[in-house]
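So the structure is just underneath, and the comments pick up after that.
The values are calculated or read from the model by the stated rules, or taken from the named source; none is laboratory data. This structure is a prediction, so every number in the text was calculated from the model and none was measured. In this analysis, Cβ positions are derived from the backbone assuming ideal geometry, glycine residues included, and neighbour counts consider all displayed protein chains. These area figures cover heavy atoms from the full protein model, side chains too; ligands, DNA and RNA do not enter into them. Shrake-Rupley method; radii C 1.70, N 1.55, O 1.52, S 1.80 Å.
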Amino acid sequence: MKIAVIFGTWSVGARPLNFNNLWTDPRGLTGSDLGVVVISKELAARGHDVHLFTAHVDAVNKPKEWENVKLYNFEERNIIDNSFNAIISINEPDVFRGINSKALKVCWQFLNDFSYSQPGYDDFVDVWLSPCEMHMEYLKKLVPKPEKWSVLPLGCTPEWYEDKRISGRVIWTSSCDRGLHWLLNQWPTIKEAVPYATLKIFYHFNYDSVINFEHNSGYHPHIVEMAQRMRYIREMAKKLKPLGVEHVGSISRADMEQEASKASVFAFSVDTVSFSEGFSVSTLEAHASFTV
């Protein structure tokens, strides 16, 4: 089959991908990034003709191909014509607008609502995919045609990891809105009980646009709550540094595999501001990397 995979600029944000050194780039890879590159690579490995459209670090000098996947800039998706059998968009149904193709249009949805989509977005999608049953059932209540929905689970690769556990090493590997504030709140108690414990926090926290929002600012309560959490997390990460807490930030995917292999404990104090995915690849990877 001839397949187009689209990872739009809205999903990529201000952090375009670098396919010259995808696995070793210190930018790292988010869960959505991994979903895109792995599905593209595996479809190509199965003999399909895969074309990936996304935002690149260098739009002019990007590689033409990666792991047998043909690479294009996001703006070049107008070349998708009737020779394509399927188009897979990650998170963004609106990218199908203006594409003149009879191909099956599939949107693999990792997010929890459609507030960022234009009216009528569902009309452009033939098949919706969700990573798990709970997530799918939640989103089916928000769409006009729930019969379009199916589950395609995410997963992880145990072969990426080795058992190199360091006693007392704790890691946090998810976005801070999942509940990092609770872990930091409890860290002095943890440190008192386990004096040799250390905590390394891995993730690119880019919430500068909301961090100054206060109550009565007119913004959505979820945004205000995120701002409060971010202020708390930034302050506590500094204060807890003498207690073995280190906010590392983003690291390459290759380095992340090593850090996961070295961890003894995966910390994930879940308390989201609203309904979240209902799945956790981070937790799966903790199991795969011998981490409690």
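Points to keep in mind about this one:
- Residue match in the stretch 125-134 (condition: open to solvent by less than 40 Å² (accessible area, probe 1.4 Å), in a strand (DSSP E or B) and among the small types (Gly, Ala, Ser)): yes
- For the stretch 257-280, a residue qualifies if it is closer than 17 Å to residue 180 by Cβ and of a type outside the set (Gly, Ala, Ser), and the qualifying residues are 259, 265, 266, 268, 270, 271, 272, 273, 277.
- Considering residues of the stretch 241-256 that are surrounded by fewer than 17 Cβ atoms within 10 Å (Cβ to Cβ) and of a type in the set (D, E, K, R) only, the residue farthest from the chain's Cα centre (by Cα): 241
- In the stretch 158-178, the qualifying residues are those that are outside any strand (DSSP E or B) and within 16 Å of the chain's Cα centre (by Cα), and the one that is modelled with the highest pLDDT is 173.
- Residues in the stretch 9-24 that are surrounded by fewer than 19 Cβ atoms within 10 Å (Cβ to Cβ), small (Gly, Ala, Ser) and either within 13 Å of the chain's Cα centre (by Cα) or modelled with pLDDT of 95 or more (or both): 1 in all.
- The listed residue being open to solvent by 60 Å² or more (accessible area, probe 1.4 Å), among the acidic types (Asp, Glu) and within 22 Å of residue 288 (Cα to Cα), out of 192, 214, 162, 147: 162
- Across the stretch 280-291, a minimum of one residue is classified as within 30 Å of residue 108 (Cα to Cα), within 19 Å of the chain's Cα centre (by Cα), open to solvent by 70 Å² or more (accessible area, probe 1.4 Å) and at pLDDT below 90.
- Only one entry of 272, 283 meets the criterion of being in a loop (DSSP other than H, G, I, E, B) and among the polar types (S, T, N, Q), and that entry is 272.
- Every test in (1) closer than 14 Å to residue 256 by Cβ; (2) open to solvent by less than 20 Å² (accessible area, probe 1.4 Å) is passed by residue 170 save one, and that test is (1).
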